[in-house]
1. Restrict the check to region 240-252 and report whether at least one residue is at pLDDT 85 or above and either of a type in the set (Ser, Thr, Tyr) or under 26 Å from Ser157 (Cβ atoms) (or both).
2. Quick one: in region 255-289, which of the residues that are β-branched (Val, Ile, Thr) and touching a residue at least 12 places away in the same chain (Cβ under 8 Å) is farthest from the ligand (Cβ to nearest atom)?
3. Within the set of pairs 6 or more residues apart or between chains, which connect a residue that is farther than 17 Å from Arg302 by Cα inside region 365-385 to a residue that is of a type in the set (Ser, Thr, Tyr) with Cβ atoms less than 9 Å apart?
4. Could you identify the single residue in Phe223, Phe294 that is within 12 Å of the ligand (Cβ to nearest atom), of a type outside the set (Gly, Ala, Ser), modelled with pLDDT of 90 or more and surrounded by 15 or more Cβ atoms within 10 Å (Cβ to Cβ)?
5. Give me the pairs, please: first residue somewhere in region 51-76 and within 21 Å of Ser30 (Cα to Cα), second residue anywhere and among the acidic types (Asp, Glu) and loosely packed, with under 14 Cβ neighbours inside 10 Å, beta-carbon distance under 7 Å, and either six or more positions apart or on two chains.
6. Would you confirm, using the coordinates I've provided, whether Ala386 is away from the ligand (no atom under 12 Å from the Cβ), under 24 Å from Glu261 (Cα atoms) and out of contact with any helix residue (DSSP H, G or I) (no Cβ under 8 Å at 6 or more places or on another chain)?
7. Using the structure shown, decide if Pro324 is within 9 Å of the ligand (Cβ to nearest atom), surrounded by fewer than 17 Cβ atoms within 10 Å (Cβ to Cβ) and more than 24 Å from Glu265 (Cα to Cα).
8. Checking Gly123 against (1) modelled with pLDDT under 90; (2) at positive phi; (3) loosely packed, with under 10 Cβ neighbours inside 10 Å, only one condition comes out false. Which one?
Amino acid sequence: MTGDTGRDDPLPAGTATTETEAIHRLLVASVRDYAIFALDATGHVMTWNAGAERLKGYLPEEIIGKHFSIFYPEETRATDFPTYELEVASREGVFEDEGWRIRKDGKTFWANVVITALRDETGTLVGFAKVTRDLTERRKAQQQAIEDALRVAEAESANRAKSQFLAAMSHELRTPLNAIGGYIDLLSLGVHGPLSDAQSQAIERVRNAQQHLVTLISDLLNFSRMEAGRLTYEIADVDIAEVMESVRIMIEAQATARQVEVHWEPAEGPVVGAADQARIGQILLNLLGNAIKFTEPGGTIRIRCARDGKVVRLEVEDTGIGIPADQLDAIFEPFTQVGRTLTSPQQGTGLGLAISRDLARAMDGDITVDSEPGRGSTFTLTLPAARS
Ligand code: ADP
């Protein structure tokens, strides 16, 4: 709206310019999120807006006329960096930087700074416009994100190291244990001469302990392999009754020794899952082993399976000690044993259920538990049913 203005113009040109300038001045003055101020050609503060006051803590009368290097930490001032900034801004037109700045109260904040050279119509440098933003929060968030990422990476590598350690340890332990097993066999076969009854009994105890250790170690090995993602699964149609039968043979002696009755309930019709037969056997063996271990003599265990739409279920129910409600999730975590003390009689690693549930989930199934302390527990393995 310059030059020849017609009568119809709502505002004379001069008024409009003045108003625009006023609004502009008001705008700059009221912005609170940015410190916006002018420096003279040698870097002394000329104007001061609300944002500058908020960010840097100085009132206009305290700062106007001061050199802007006051906003910089001592060590930055020592390198004459503020002068360098003005030189670059005047040469290139603009200078942008991020770094620590100091408030009046001595506190530091992380600032993004843009310095723009101001020149008059003849091109003479009259000063600089400086816009500063407080990025302390953003920088904190960024650094937090970096630290979080580093922590996750550390935890992952610690996990890997743990798995590798467990695998190596288990392997090392197995070798001498196998040797022990071999010599027990030789001794009990009478290869080194006939044994007295007392000697035979002692050898049997050694054998039991040796077998127990072998089981624990194979648990550890399994767990570490699983953690390292090195287990493979052979998914095929599996007759669950068949798996039950194969486990039955292995578990019967243990149940008899503990004086626990085991009922193998027949299924109504075929129950066929799509899973890895050996892994189902391993899971069932673990669930049954627990049921026997945590059921007092005279108790009963029932095993049943059924097809239910797209899934098959395998249930192990016992009349044992049960599990407190607040522990039902925890028992599936590695190394968790309810009420475990150093002298508690039940043995185990606390890995069985963690392994079993991981195996089940890897086959698109799951293990759940229902339990009442003092009455017993029911563990349910769910697996996808075979398509046919
Ligand atoms: P472990 O048997 O080696 O201790 P598990 O992971 O198989 O390890 O079981 C973890 C814990 O869950 C057991 O120590 C026990 O406290 C509890 N638990 C598992 N099965 C039963 C059960 N049938 N009855 C009562 N408690 C059980």
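The values are calculated or read from the model by the stated rules, or taken from the named source; none is laboratory data. Computed from a prediction, not measured in an experiment: that's the story for all the values here. So basically every Cβ, Gly included, is an ideal-geometry build from the backbone, and we count neighbours across all protein chains shown.
1. yes
2. Selected residue: Val272.
3. Gly365/Thr382; Asp366/Thr380; Asp366/Thr382
4. Phe294
5. Sorted first by the residue in region 51-76, then by its partner, the pairs are Gly51/Asp33; Gly57/Asp105.
6. no
7. It is false that Pro324 is within 9 Å of the ligand (Cβ to nearest atom), surrounded by fewer than 17 Cβ atoms within 10 Å (Cβ to Cβ) and more than 24 Å from Glu265 (Cα to Cα).
8. Exception for Gly123: condition (1).
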